[in-house]
Amino acid sequence: MEGRTRGPRRHRGPQGPKPVKEGDVIEVDIVEKSRRGDGVAKVEGFIVFVPGAEPGQHVKVQIEKVGPSYAIGKLVQ
């Protein structure tokens, strides 16, 4: 199969260290709402989903899960 190339490379999210890790408590601005209804914040371009948050809010969040290109946080009082 000489001369054949692989298909296009798919984007696998940001390379290198992520700007958040599980257990971090951070303050973020919710900039939009996801299709699932979660608030969306960005930390150095890295997406953080925050269930229960609304666009325009400034909230404190504890990171619960970090994936390859996103994190999920919960609201902290």
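Every number in this text was worked out from the coordinates using simple rules, so none of it is lab data. Remember, predicted model here, so these are calculated numbers, not experimental data. Don't worry about glycine lacking a Cβ; one is built from the backbone with ideal geometry, like all the others, and counts go over all protein chains shown.
The label-point distance for residue 44 and residue 62, in a model that sets each label 7 Å from Cα toward Cβ, rounds to 2.3 nm. For the range 25-75, the Stokes-Einstein estimate of translational diffusion at 37 °C and a viscosity of 0.692 mPa s comes to 317 µm²/s, using the Kirkwood hydrodynamic radius over alpha-carbon pairs.
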